[in-house]
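The values are calculated or read from the model by the stated rules, or taken from the named source; none is laboratory data. Here the structure is a predicted model, which is why all the values come from computation and not from measurement. Note that each Cβ is placed from the backbone with ideal geometry, even for glycine, and that neighbours are counted across all protein chains shown. Keep in mind that these areas ignore ligands, DNA and RNA; they rest on the heavy atoms of the full protein, side chains included. Shrake-Rupley method; radii C 1.70, N 1.55, O 1.52, S 1.80 Å.
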Amino acid sequence: QVHIVESGGGLVQPGGSLRLSCVVSGINFSNKNAAWYRQAPGKQREGAATVTMDNRTNYGNAVKGRFTITRDNAKNTVDLQMNNLRVEDTAVYYCVVFWSEQTFWGQGVQVTVSS
């Protein structure tokens, strides 16, 4: 059974940084893709960043140049380093693991950017 647990959310001022972490268990993580999605109040869920099983990364336009996704297959983790945060980055952030036609979501972690 796949378990995904996120951590690292919280309240930060505009211009600040946060690092989200996601631990994956119950599967062989090294041959799976992973991503961070987010959903702001009243908006649709959107992809923030993706890292493939062969470590290729891709970013949404809204976060490109500010966010960095990394994975550690030895620790079964995928992290999202978020710098220069903006008020509009406020959202619930979800860690997602996917392969073939399988997709698994974490429970989400709140990130609030406010002065």
query: Can Val24 be described as touching a His at 6+ places or on another chain (Cβ under 9 Å), of a type outside the set (Phe, Trp, Tyr), touching a residue at least 60 places away in the same chain (Cβ under 8 Å) and surrounded by 12 or more Cβ atoms within 10 Å (Cβ to Cβ)?
result: yes
- prompt: Does Ala62 count as buried (at least 18 other Cβ atoms within 10 Å of the Cβ), touching a strand residue (DSSP E or B) at 6+ places or on another chain (Cβ under 9 Å) and at pLDDT 95 or above?
  reply: no
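Looking at Val97, Val92, Val113 in this structure, which one is modelled with pLDDT of 95 or more, open to solvent by 20 Å² or more (accessible area, probe 1.4 Å), farther than 15 Å from Thr57 by Cβ and of a type in the set (A, V, I, L, M)? Please lay out each step first, then the result.
Working: Val97 fails: open to solvent by 20 Å² or more (accessible area, probe 1.4 Å); Val113 fails: open to solvent by 20 Å² or more (accessible area, probe 1.4 Å).
Answer to the selection: Val92.
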- prompt: For Thr57, all conditions in the list (1) open to solvent by 60 Å² or more (accessible area, probe 1.4 Å); (2) in contact with a strand residue (DSSP E or B) (Cβ under 6 Å, 6 or more places away or on another chain); (3) at pLDDT below 95 hold save one; what is the number of the exception?
  reply: (3)
- prompt: Filtering the range 75-89 down to residues that are outside any loop (DSSP other than H, G, I, E, B) and under 20 Å from Ser7 (Cβ atoms), which residue is most open to solvent (accessible area, probe 1.4 Å)?
  reply: Gln81
